[in-house]
Amino acid sequence: MSHKCLSCSDKKFHDILNVKKFPIYWGVLDKKFINRVKYHPLKISQCISCGLVQQTKLLKKKVMDQIYETENYLCPSPVKSGMGKREILKFYDFFKKQNLSRKKILEIACYDCYLLKILQNQEHDVYGCDPSLDTVQQKKNFSKNKIKNVFYKSGSYPKKNFDIIIFRNLLEHVEDLNSFLKSVKYSLKDNGSIFIDVPNMNEIYKIGGLGLFFHQHLSYFTYKSLKHLLINNGFEIKDYHEGKPNLFIHAINKNKVLENKKINIKLVNRDLISNKSTNKINKIYSIFKNKNNSNIVLFGASALCTTIVTLLNNKQLSKIKYISDNDKFKSGKILCGSNYVVQNPKKLINKKIDKIIICSYFFVEEIIKSLIKLGIPKNKIVTLD
Ligand SMILES: [Zn+2]
């Protein structure tokens, strides 16, 4: 069966990337789940009609459901570890700029409720909805029935109930985009606002995509492709911010059909993406080939880190002495795609290290600072940007 565009249902695509085997989990996983890491094809293409970059060999629902059922570590928790705060605060700045007075707000996929707490402190009437275990633990910080521990659907709340509905880091995981937006519309008042926060495909494009495409993200939005989807669903863009790495949108629920102009599609230059990735891969290989580098550390147990270990042979892998991460909740867990246990950064103090490769694009400065604090010489730190 040929793939239909997740946004506009068209069937013509421009292929960008085709990986035969990619692990369905990335980052870290508890030891007891590590045998669940299976390898599947990962194909990324761009719809020629609406420009949306997306996966075009979707995994079966059963496989996807298991990914989400597994007690996993895909999302950093600012409440638990302080990680991920910076991105939420950037989003909150964008939200504040819209000057919305006291409102009734729902956050779908509110996770550890960090943003909801900020909004509650600003006198908004806040509600949250998320099936995650981290959400259960936060329920006590809100009055009764404010936080629901379920997957959001139209019937979860009364019709036209909210002034604002927020969903961050969610839309890129949704398979049926149009029916999801319909369900959001159901709970939203006429002329109510939605706030969306998704990874910005234009930033992925600049970097080249190595470690930035994976099975959990079905869509990779640009401002243009997301605008097209929203207009088709009766949302009018009020404001947006094309950030690095994320794109924020504020759109208004219009109670009428909006005219969607045919957009000029700029096809993604797959050679440029692949050349940028190849350059990074060559850089990694040259570090591992160098005879002077026999004690290598990968820092940041991320999707990029998982991608790197899947590129290496056994001889190269044997040079990796530690995999480490500043997020203390990753310590003791296993890096997906490997047998490595992630170590606390303190373990690196006074160890013989030839090179530390930073497995992150967006937190490089913070990581370098933290490594220098641990006494690691700057000339041993390598970045991939
Ligand atoms: Zn399309």
Residue identified as farther than 23 Å from Lys185 by Cα and without any contact (Cβ under 8 Å) to a residue 12 or more places away in the chain among Lys117, Lys139: Lys139
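Can you tell me which residue among Ser101, Ser132, Ser154 is more than 25 Å from His173 (Cβ to Cβ) and either of a type outside the set (S, T, N, Q) or assigned by TED's automatic domain parsing to the domain that holds Asn191 (or both)?
On the way: Ser132 fails: more than 25 Å from His173 (Cβ to Cβ); Ser154 fails: more than 25 Å from His173 (Cβ to Cβ).
After ruling out the rest, the residue left standing is Ser101.
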Pair list, Cβ < 6 Å and 6+ apart or interchain, from the stretch 5-16 residues that are touching a residue at least 24 places away in the same chain (Cβ under 8 Å) and within 15 Å of Ile263 (Cα to Cα) to residues that are near the ligand (Cβ under 9 Å from one of its atoms) and not in a loop (DSSP other than H, G, I, E, B): Ser7/Leu229; Asp10/Cys47
Residue in the stretch 260-274 that is surrounded by 15 or more Cβ atoms within 10 Å (Cβ to Cβ), assigned by TED's automatic domain parsing to the domain that holds Leu374 and not in a helix (DSSP H, G or I) present: no
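Inspect all residues belonging to the stretch 261-281 and state whether any of them is small (Gly, Ala, Ser) and without any contact (Cβ under 8 Å) to a residue 12 or more places away in the chain. Even if it seems obvious, please write down each step before you answer.
Taking the stretch 261-281 as the starting set, the residues that turn out to be small (Gly, Ala, Ser) are 274, 277.
Adding the requirement that they be without any contact (Cβ under 8 Å) to a residue 12 or more places away in the chain leaves none.
Checking the stretch 261-281: not a single residue is small (Gly, Ala, Ser) and without any contact (Cβ under 8 Å) to a residue 12 or more places away in the chain.
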Count of the stretch 309-331 residues which are surrounded by fewer than 19 Cβ atoms within 10 Å (Cβ to Cβ) and small (Gly, Ala, Ser): 2
Where Glu69 falls short, out of the listed (1) more than 16 Å from the ligand (Cβ to nearest atom); (2) over 18 Å from Leu171 (Cβ atoms); (3) modelled with pLDDT of 90 or more: (3)
Pick from the stretch 23-57, criterion surrounded by 20 or more Cβ atoms within 10 Å (Cβ to Cβ) and among the aromatic types (Phe, Trp, Tyr), ranking: nearest to Asp327 (Cα to Cα): Trp26
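Please tell me if Lys373 is over 21 Å from Ile287 (Cα atoms) and in contact with a Leu (Cβ under 8 Å, 6 or more places away or on another chain).
Working: over 21 Å from Ile287 (Cα atoms): yes; in contact with a Leu (Cβ under 8 Å, 6 or more places away or on another chain): no.
No; evaluated as a whole, the condition is false for this residue.
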Residue within the stretch 159-178 that is within 12 Å of Ala109 (Cα to Cα) and touching a Cys at 6+ places or on another chain (Cβ under 6 Å) present: no
Number of positions in the stretch 338-365 that are closer than 24 Å to Glu203 by Cβ, at pLDDT below 95 and surrounded by 14 or more Cβ atoms within 10 Å (Cβ to Cβ): 5
Verdict on Ile334 being closer than 24 Å to Lys185 by Cα and surrounded by 21 or more Cβ atoms within 10 Å (Cβ to Cβ): no
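Go through the stretch 1-57 residue by residue and tally those that are in a strand (DSSP E or B) and within 16 Å of the ligand (Cβ to nearest atom). Before the answer, list the steps.
Quick first cut of the stretch 1-57, residues in a strand (DSSP E or B) only: 13-23, 28-29, 39-47, 53-55.
With within 16 Å of the ligand (Cβ to nearest atom) added as a condition, the list becomes 13-16, 43-47, 53-55.
So the answer is 12.
Condition check: more than 16 Å from the ligand (Cβ to nearest atom) and either assigned by TED's automatic domain parsing to the domain that holds Leu335 or at pLDDT below 95 (or both). Does Lys62 satisfy that? Write out each step before concluding.
Values: more than 16 Å from the ligand (Cβ to nearest atom): yes; either assigned by TED's automatic domain parsing to the domain that holds Leu335 or at pLDDT below 95 (or both): yes.
Answer is yes for this residue.
Which of the following residues is among the polar types (S, T, N, Q) and over 24 Å from Asn202 (Cα atoms): Gln46, Gln55, Gln66? Walk me through how you get there before you give the answer.
On the way: Gln46 fails: over 24 Å from Asn202 (Cα atoms); Gln55 fails: over 24 Å from Asn202 (Cα atoms).
After applying the criteria, what remains is Gln66.
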Conditions (1) under 29 Å from Lys189 (Cα atoms); (2) surrounded by fewer than 21 Cβ atoms within 10 Å (Cβ to Cβ): number failed by Gln66: (1)
Hits in the stretch 296-345 (condition: touching a Phe, Trp or Tyr at 6+ places or on another chain (Cβ under 6 Å) and assigned to a helix (DSSP H, G or I)): Ala303, Thr306, Gln316
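The values are calculated or read from the model by the stated rules, or taken from the named source; none is laboratory data. Everything quoted here is computed from the prediction, not taken from an experiment. When we count neighbours, we look across all protein chains shown, and the Cβ atoms used for this are built from the backbone with ideal geometry, even at glycine.
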